[in-house]
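The values are calculated or read from the model by the stated rules, or taken from the named source; none is laboratory data. These numbers come from a predicted model, not from an experiment. Don't worry about glycine lacking a Cβ; one is built from the backbone with ideal geometry, like all the others, and counts go over all protein chains shown.
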Amino acid sequence: MNGSGSSFSDRFGYQAPEAEITTREDAPTSVRDGILMAGYGADIGPGVMRDLLCQVLLQRPDQNNWSASNVEREVSGLIDEAPWYRVYDFAERLYTEIGARDFTGRQQARFEAQLNQLFRERGVGWEMKHGTLVARGSEAFALATGHATEVMRKHGAPTAANEIHEALRDISRRPHADITGAIQHAMAALECVAREVGETTDTLGPAIRRLNLPAPLDQAVEKLWGFTSQQGRHILEGRQPQFDEAELVVTAASALSVYLLRRRAG
């Protein structure tokens, strides 16, 4: 770091390539270590770090450890043994603690940026947004969902915005994403928009046909509807959809909803 607080790689724009997402329901050692190092870098000492970890894990600190080096070793042991989802809970608690000590917000922003860089480089399917960890998907997922709720509210579709918000919450749940809920909420959002734009109370299938979408988009939407209907049947039969399938549905439903609202607005 130099006097301005920026690193060499920051100043010259050097970054490791973004790895393919391979980790969701896990916290590899490199991620556990990275969260600790980012916390220490934000001036959170071993004692506070141990208190936060013990609060998350609901266990008492070891009273026999009182020197800084022993407490630091205890912290390392605690995070190494923690369930993966508690590691991410701990990261959120760290963000809050950092904010309580730095009212400028700069330390929090740096901590969040470091974690997100770590996740991208290590192929972890999570990202921190304003201190909350949410599911990170493909670039298409990020683009489609990033401003979807804002666009929906702006164009008079608050119910659809709420459905997308719930879909994103479901897909981000820990320790297990609510895949079924994410799919259902995403398609409910698209149905709300189709009804709003088509000025109808029909269900999604008939409502979409009323919109006179250009080919082959009309067929694509019909197939998406068929796909989600099939998923519903599979759920009744006891088969749970996969994360990638939910990501596809949420991405497509968000993008189509935004397209329909903007198309109506001209």
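Which pairs turn up if I take residues in the stretch 246-266 that are more than 16 Å from Glu199 (Cα to Cα) and surrounded by fewer than 20 Cβ atoms within 10 Å (Cβ to Cβ) and look for partners that are of a type in the set (A, V, I, L, M) and modelled with pLDDT under 90 with beta carbon separation below 9 Å, at least 6 apart in sequence or on another chain?
Ala255/Ala140; Ala255/Leu143; Ala255/Ala144; Tyr259/Leu217
The conditions are (1) out of contact with any Gly (no Cβ under 9 Å at 6 or more places or on another chain); (2) in contact (Cβ under 8 Å) with a residue 24 or more places away in the chain; (3) among the hydrophobic types (A, V, I, L, M, F, W, C), and Phe103 fails exactly one of them. Which is it?
Just one mismatch for Phe103, condition (2).
Can you say whether Arg73 is in a loop (DSSP other than H, G, I, E, B) and either at pLDDT 95 or above or over 26 Å from the mean Cα position of the chain (by Cα) (or both), as far as the supplied structure shows?
Considered against the rule, which asks whether it is in a loop (DSSP other than H, G, I, E, B) and either at pLDDT 95 or above or over 26 Å from the mean Cα position of the chain (by Cα) (or both), Arg73 comes out as no.
Could you check how many residues of the stretch 192-213 are at pLDDT 90 or above, crowded, with 19+ Cβ neighbours inside 10 Å and either among the acidic types (Asp, Glu) or in contact with a Leu (Cβ under 7 Å, 6 or more places away or on another chain) (or both)?
Matching residues across the stretch 192-213 total 4.
Limited to the stretch 83-140, what total is found for residues that are touching a Leu at 6+ places or on another chain (Cβ under 8 Å) and of a type in the set (Val, Ile, Thr)?
Result for the stretch 83-140: 2.
Does Ala19 fit the bill of being exposed (fewer than 14 other Cβ atoms within 10 Å of the Cβ), farther than 27 Å from Ile171 by Cα and in contact with a Gly (Cβ under 9 Å, 6 or more places away or on another chain)?
no
Could you tell me which numbered condition Arg86 fails, if it satisfies all but one of (1) assigned to a helix (DSSP H, G or I); (2) touching a Lys or Arg at 6+ places or on another chain (Cβ under 7 Å)?
So the condition that Arg86 fails would be (2).
Under 8 Å by Cβ, and 6 or more places apart or on different chains, what pairs join a residue from the stretch 40-65 that is outside the structural domain of Val87 (by TED's automatic domain parsing) with one that is modelled with pLDDT of 95 or more and among the basic types (Lys, Arg)?
Here the result reads none, with nothing in the stretch 40-65 linked to a residue that is modelled with pLDDT of 95 or more and among the basic types (Lys, Arg).
When you scan the stretch 25-70, how many residues do you find that are among the hydrophobic types (A, V, I, L, M, F, W, C), farther than 22 Å from Phe111 by Cα, modelled with pLDDT of 95 or more and part of a helix (DSSP H, G or I)?
Residues meeting the conditions: 0.
If we scan the stretch 131-147, do we find a residue that is in a loop (DSSP other than H, G, I, E, B), modelled with pLDDT of 95 or more and within 21 Å of the chain's Cα centre (by Cα)?
Scanning the stretch 131-147, I find at least one residue that is in a loop (DSSP other than H, G, I, E, B), modelled with pLDDT of 95 or more and within 21 Å of the chain's Cα centre (by Cα), so the answer is yes.
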